[in-house]
1. Test each condition in (1) open to solvent by less than 20 Å² (accessible area, probe 1.4 Å); (2) in contact with a Leu (Cβ under 8 Å, 6 or more places away or on another chain); (3) closer than 18 Å to Cys35 by Cα for Ala88 and report the one that comes out false.
2. Could you grab me the full set of residues in the stretch 48-65 that are among the basic types (Lys, Arg) and touching a residue at least 24 places away in the same chain (Cβ under 8 Å)?
3. So, in the stretch 94-112, how many residues would count as being of a type outside the set (Lys, Arg), touching a strand residue (DSSP E or B) at 6+ places or on another chain (Cβ under 9 Å) and not in a strand (DSSP E or B)?
4. Keeping to the stretch 15-38, report how many residues are of a type outside the set (D, E, K, R) and over 16 Å from the mean Cα position of the chain (by Cα).
5. Taking the conditions exactly as written (over 17 Å from Asp41 (Cβ atoms), under 12 Å from the mean Cα position of the chain (by Cα) and not hydrophobic (A, V, I, L, M, F, W, C)), does Lys102 satisfy them or not?
6. Just the residues that are open to solvent by 10 Å² or more (accessible area, probe 1.4 Å) and hydrophobic (A, V, I, L, M, F, W, C), please, taken from the stretch 46-77.
7. Glu72 fails exactly one of the following numbered conditions: (1) at pLDDT 95 or above; (2) not in a loop (DSSP other than H, G, I, E, B). What is the number of that condition?
8. Just checking, how many residues over the stretch 1-38 are within 9 Å of His109 (Cβ to Cβ), of a type in the set (Gly, Ala, Ser) and either open to solvent by 40 Å² or more (accessible area, probe 1.4 Å) or not in a loop (DSSP other than H, G, I, E, B) (or both)?
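The values are calculated or read from the model by the stated rules, or taken from the named source; none is laboratory data. This structure is a prediction, so every number in the text was calculated from the model and none was measured. Cβ atoms come from the backbone with ideal geometry, glycine included; neighbour counts cover every protein chain shown. For the accessible areas, the whole protein counts, side chains as well, though only heavy atoms, and no ligand, DNA or RNA atoms are used. Shrake-Rupley method; radii C 1.70, N 1.55, O 1.52, S 1.80 Å.
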Amino acid sequence: MSTVMEMDESLNVFGEPLIACGMDPLTGFFRDGKCNTCAEDFGSHTVCIQVSRSFLEYSRFKGNDLSTPVPEHGFEGLKPGDRWCLCAQRWLEAYDSDMAPKVYLTSTHQKALEIVPIELLKKFAVDLN
C-alpha cells in the first residue's frame, strides 16, 4: 500500500505562482526544483536561499553539513552561490544567530510565512528592487 503525498498549492509569499529555486543542484522536498511542500514535509523546506560560505559553516556547526557530497543519495554538496530550499525553522534559527542567508521571495513558498514573518524575509531578499 503506497501513500500519495498531496502537494500544497504552488504559490510564493506574494500569492503568485512559485518560481523555481534551483535545478543544479536539484532542490526542494519533492526534488522538483521548487520549494513546494505538503503535510508530510515536517521540515517545511519552503525558503529559497542563496547559499553563502558563512551559512554553510553555520549549518555544519549546527549538525547539518550541506557542503559535503553524499553520492549514495545523489547529493553533490552545496557551494556558495547555489540556490536551495531551506527549512523555514532553520532559516529563522540562522536569523536569530545573525547568520541568515539571502532569500529569493518569488521562489519562497507561502507556507514559510507560517514560521517566518514576511518582514524578516524582505530584509534578506535578493529579488526585491
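1. Unmet for Ala88, out of (1) open to solvent by less than 20 Å² (accessible area, probe 1.4 Å); (2) in contact with a Leu (Cβ under 8 Å, 6 or more places away or on another chain); (3) closer than 18 Å to Cys35 by Cα: (2).
2. Of everything in the stretch 48-65, those that are among the basic types (Lys, Arg) and touching a residue at least 24 places away in the same chain (Cβ under 8 Å) turn out to be Arg53, Lys62.
3. 10
4. Total meeting the criteria: 2.
5. Taking the combined requirement at face value, the residue satisfies it.
6. Leu56, Phe61, Leu66, Val70, Phe75, listed by residue number.
7. Against the list (1) at pLDDT 95 or above; (2) not in a loop (DSSP other than H, G, I, E, B), Glu72 comes up short only on (1).
8. Qualifying residue count, the stretch 1-38: 0.
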